[in-house]
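Undergrad: Dropping the structure in here first, questions after.
Only the coordinates and a few stated rules stand behind these numbers; no lab work does. Keep in mind that what you see is a predicted model, and the values were worked out from it rather than measured. Cβ coordinates were reconstructed from backbone atoms using ideal geometry, including for glycine residues, and neighbour counts include every protein chain displayed.
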Amino acid sequence: MIYCMGDIHGNYEGYCELLQKMRFSDRDTLYTIGDIVDRGQEGMKVLLDMMMRPNVFPILGNHDYMAYNCLQWLSEEITEESIRQLEGEKLHAISEWIENGGGDTITEFRRLTKEERELVLEYFDEFAFYEEVEAGGKSFVLVHGGLPDFSPEKPLEDYEPAEMIWDRCDYSKTYFPDKYLVTGHTPTRNIRDSLGQPLSDKILMCNHHIAIDCGSGHGGLLGAVCLDNLKEFYA
């Protein structure tokens, strides 16, 4: 079976619970839709577990992107030159990241061994910007945020990676009539509010969208979906 899990945001307990509910095995495949870290306190534990599983494939989220950049800068040896380089844009980026939930990630990263830190940073570098998947006779495009300036004729590789992780979809519109667009980034409660639907933290399926950020980073649920049969799982 092929599964896709929403924005985990350091929810290690929920991550493990979902793996158990899905009965995830070596024969299965899991795509995480981005934002593994921040806002929760155990993002590093999630990453270390994912790193040990060759059948788990991460897609880059905006929080992962911020963490990767900032942790690289913060891991550099402190010298006068490195301090000068941290001024300006880098210092602003670190401050913005901390304001958006990066503080717990820094604290947890500091507790890792030097080898673990290096492995985590190397693993971040392996995250994909999108994936195309076939399952259950259906076609899926997986991306964390969205596809800005969307055109159905535009190849996925032509989209700017940074925009794909920060963009938000228009869930009132169908992007691909022959494919499902699976996204995280925007909590489903917020999407339902914008569509005038009753509020819920469950996965949202409409207009060939499957939105799976169920608000784990905001006190909601952690959700996953089996792409073969569209069965939903929650923790």
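Undergrad: Inspect all residues belonging to the range 144-154 and state whether any of them is surrounded by fewer than 17 Cβ atoms within 10 Å (Cβ to Cβ) and closer than 20 Å to A67 by Cβ.
TA: no
Undergrad: Here is a follow-up. Counting just the residues of the range 165-188 that are in contact (Cβ under 8 Å) with a residue 60 or more places away in the chain, out of contact with any helix residue (DSSP H, G or I) (no Cβ under 7 Å at 6 or more places or on another chain) and of a type in the set (V, I, T), which one comes out surrounded by the most Cβ atoms within 10 Å (Cβ to Cβ)?
TA: T183
Undergrad: Are any of the residues in the range 224-235 surrounded by 14 or more Cβ atoms within 10 Å (Cβ to Cβ), farther than 26 Å from D28 by Cα and either in contact (Cβ under 8 Å) with a residue 40 or more places away in the chain or not acidic (D, E) (or both)?
TA: There is no residue in the range 224-235 that is surrounded by 14 or more Cβ atoms within 10 Å (Cβ to Cβ), farther than 26 Å from D28 by Cα and either in contact (Cβ under 8 Å) with a residue 40 or more places away in the chain or not acidic (D, E) (or both).
Undergrad: Given the structure, is Y31 farther than 17 Å from A211 by Cα and among the aromatic types (F, W, Y)?
TA: Numbers: farther than 17 Å from A211 by Cα: no; among the aromatic types (F, W, Y): yes.
No.
Undergrad: Just for the range 189-211: of the residues that are within 15 Å of T32 (Cα to Cα) and out of contact with any Asp or Glu (no Cβ under 8 Å at 6 or more places or on another chain), which one is surrounded by the most Cβ atoms within 10 Å (Cβ to Cβ)? Talk me through it step by step, then tell me what you get.
TA: Kept after step one, since they are within 15 Å of T32 (Cα to Cα), are these residues of the range 189-211: 203, 210-211.
So of that shortlist, the ones also out of contact with any Asp or Glu (no Cβ under 8 Å at 6 or more places or on another chain) come out as 210-211.
Details: I210: 22, A211: 26.
In this case the residue turns out to be A211.
Undergrad: Out of the residues in the range 1-51 that are more than 11 Å from the chain's Cα centre (by Cα), part of a strand (DSSP E or B) and not aromatic (F, W, Y), state the one that is surrounded by the most Cβ atoms within 10 Å (Cβ to Cβ).
TA: L30
Undergrad: I'd like the full set of residues that are without any contact (Cβ under 8 Å) to a residue 24 or more places away in the chain and either surrounded by 17 or more Cβ atoms within 10 Å (Cβ to Cβ) or not polar (S, T, N, Q) (or both), limited to the range 112-131. Explain how you work it out, then say what you get.
TA: At the first step, the residues of the range 112-131 found to be without any contact (Cβ under 8 Å) to a residue 24 or more places away in the chain are 113-115, 118, 122.
Correct list: K114, E115, E118, E122.
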